[in-house]
Amino acid sequence: MGLFDFAKSIGKKLGIGGDDDEPKVEELKKELDSHGLGTDKVQIEVVGNKAVLKGSVADQATLEKAVVAVGNTLGVEKVETALTVEAAPDKAEKAPVFYTVKKGDNLWKIAEAHYGKGKGAKHDVIFEANKPMLKHPDKIYPGQVLRIPELDKA
């Protein structure tokens, strides 16, 4: 599917090693599974600072959440996906949209930047799309990568 960039020195710290340690497969898998996304068919391989996700997931949203969950981990600089989407619709999937949080950002500002002026109230769509990795809409930090879903056409 693709290769996605993350900030190696920013994110959730796993294990007890130093900041420069290569992420451990077991720790990354445990972190991914802790979110309850339905990623039991996902295997993780670590090559240097890159995590490679293989296997299958139920849908595109789960694939994107898996990328964000693994990528927002200290020591992971890139996430490569070789995941199959089981419930892929007949039409081709659009490329996922990710956003790297900058200093001074909040979900309202991010929603207006992506969905248009006056659509800041759609910040809850971004929050819901990043659960359970995000626990609170005000708890985002610079360098964190969020998935930005399309708005429903309704």
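FYI, it's all coordinate maths here, none of it is from the lab. Just so it is clear, the structure is predicted and the values come from calculations on it, not from any experiment. Backbone-built Cβ (ideal geometry, glycine too); neighbour counts: all protein chains shown.
Values computed for the structure shown
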{"item": "Cα pair distances of the chain binned at 5 Å [whole percent]", "result": "2, 9, 19, 21, 20, 15, 9, 3, 1, 0"}
{"item": "Efficiency of FRET between Asp33 and Lys12 - r from beta-carbon atoms, R0 22 angstrom, step 0.05", "result": "0.95"}
{"item": "Residue exposure sequence - Asp59, Asp124 - by fewest surrounding Cβ within 10 Å", "result": "Asp124, Asp59"}
{"item": "Simple spin-label estimate for Lys103 and Val25 in nanometres, 7 Å along Cα-Cβ", "result": "4.0"}
{"item": "Of Lys12/Lys119; Lys50/Lys109; Lys65/Lys131; Lys78/Lys135, those spanning more than 19 Å from alpha-carbon to alpha-carbon", "result": "Lys12/Lys119; Lys50/Lys109; Lys78/Lys135"}
